[in-house]
Amino acid sequence: MDIRHYFEPVNFEQFLQQGRIKFKNTLGAQIAKTTHSFSPEKSGEIDIALFGVPADSRIENSNSTAPDRIRSELYGLAEPENQIKIADFGNLKTAGSSKGILKALRDLTEIFTELGIVTIVIGGSQDLTVGICEAFCDKPFFTLSAIDALLDEKIGKEPLTRNNYLTRVFQTSNLFQFNLIGYQSYLVAPEVLLKTALVNQHMRLGKLREDITCAEPVFRNSDVVSMDVTAVKYGDAPGNPEGFPNGLRAEEACQIARYAGAAGKVKVFGLFNAIPDATFHPVSDRLYAQIIWYFIDGVTYRTGEIPQNDNNHILYQVEVNNVDQPLVFIKHKPTNHWWMRLQLSGGKYLYFACSEEEYRQAAANEIPTLWLQLIQKTDKFLK
């Protein structure tokens, strides 16, 4: 099947006329070259598939200009230092219903994931995340990370929207871990977070600001990263009328996107809710393009690291009171990445990304919260 039938192709000439893309070393020139040479037989030769979904669940038959506005800024940016092949398939064709759009997203995510291609989705409203997550309904230990100021859960009986899509995602039986990154404490009540009842590494905005590197291991456990641009403070993204006075700074949003790109497990990155066409601001679109650029740059630095006991890794076994077996941590020396190793009853090992902080807690004879969550959820998950 030719996946190009799903899309309205990009008119690269439209962007060429805007100026900077005509220069040889721009990202847009590289994307145009890869896209023009694409054929179904060469699907395995591309590293990243990019496409837009100009749909807003609040407006029937909406056709947002956001994906093309962001493209116009993205294409003019420089190529990443390391070589990477990106094909831009265009914008998803309008479906007859929101269900049709979600089904198409599910199918495309499945296709690209099976081919080992990383997918970038430019939305569109954030409820599109539901279709992406449905592609992983049969995948064990599926993990979603949302970069958002709010927890988008349903209150009472409501139709699916960008403000409650997580309720639908949480109904996915195989969702193993959910992480909310950059939430603001005065917008999300603690008891609401506790109701997620999953393995989680939620990170409020203040914690990220203290040490943004704490987000890195969270993404190494993630399959899908869904970013709501409202997580960025209004002053740095003035085109978003729903923005808040506090939030991620522009450079923090870009750094987080780079962590997500470098995480070898992440298969899909979605940038959502950049859709109020009437209030768009060029500075906002430039930032959204730069966020995507940093994700792409991160992908070029993927190491394919697999935690194991070899010369590149150090294995630590830590005795902790009231735990029958030692807690096992593995450090990857070239990257300083840390992992937890859990052993299943059949002798098989599972590896989960963690930070050095979890190791230090265990060394201080404390049971790390993440380890306890993983043990409890894994036992329940495999029964």
> If only one of Asp148, Asp228, Asp211, Asp223 is in contact with a Lys or Arg (Cβ under 7 Å, 6 or more places away or on another chain) and under 27 Å from Arg302 (Cβ atoms), which one is it?
Replying inline: Asp223
>> Could you tell me how many of the residues in the range 289-302 are within 18 Å of Ala231 (Cα to Cα) and more than 14 Å from the chain's Cα centre (by Cα)?
In response: 2
> Yes or no: Arg341 within 25 Å of the chain's Cα centre (by Cα) and farther than 17 Å from Val218 by Cβ?
Replying inline: yes
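Among the residues of the range 321-351, which ones are of a type outside the set (Phe, Trp, Tyr) and either in contact with a Pro (Cβ under 6 Å, 6 or more places away or on another chain) or in a strand (DSSP E or B) (or both)?
Taking the range 321-351 first, the residues of a type outside the set (Phe, Trp, Tyr) are 321-328, 330-337, 340-348, 350.
Once the filter is applied, which keeps residues that are of a type outside the set (Phe, Trp, Tyr) and either in contact with a Pro (Cβ under 6 Å, 6 or more places away or on another chain) or in a strand (DSSP E or B) (or both), the range 321-351 yields Leu327, Val328, Ile330, Lys331, His332, His337, Met340, Arg341, Leu342, Gln343, Leu350.
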> Given the residues Leu74, Leu50, which is the only one that is modelled with pLDDT of 95 or more and out of contact with any strand residue (DSSP E or B) (no Cβ under 8 Å at 6 or more places or on another chain)?
Replying inline: Leu74
>> Please go through the range 254-295 and give me each residue that is touching a strand residue (DSSP E or B) at 6+ places or on another chain (Cβ under 8 Å), of a type in the set (A, V, I, L, M, F, W, C) and either outside the structural domain of Gly235 (by TED's automatic domain parsing) or at pLDDT below 95 (or both), ordered by number.
In response: Ala274, Ile275
> Hey, among Lys103, Lys85, Lys99, which residue is modelled with pLDDT of 95 or more, charged (D, E, K, R), more than 16 Å from the chain's Cα centre (by Cα) and more than 28 Å from His36 (Cβ to Cβ)?
Replying inline: Lys103
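Matching residues to (1) touching a Leu at 6+ places or on another chain (Cβ under 8 Å); (2) under 25 Å from Ala29 (Cα atoms):
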position: Ile86; (1), (2): yes, yes
position: Arg106; (1), (2): no, no
position: Val118; (1), (2): no, yes
position: Gly124; (1), (2): no, yes
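The values are calculated or read from the model by the stated rules, or taken from the named source; none is laboratory data. For clarity, every value in this text was computed on a predicted model and none was experimentally measured. Reconstructed Cβ throughout: ideal geometry from the backbone, glycine too, with neighbour counts over all protein chains shown.
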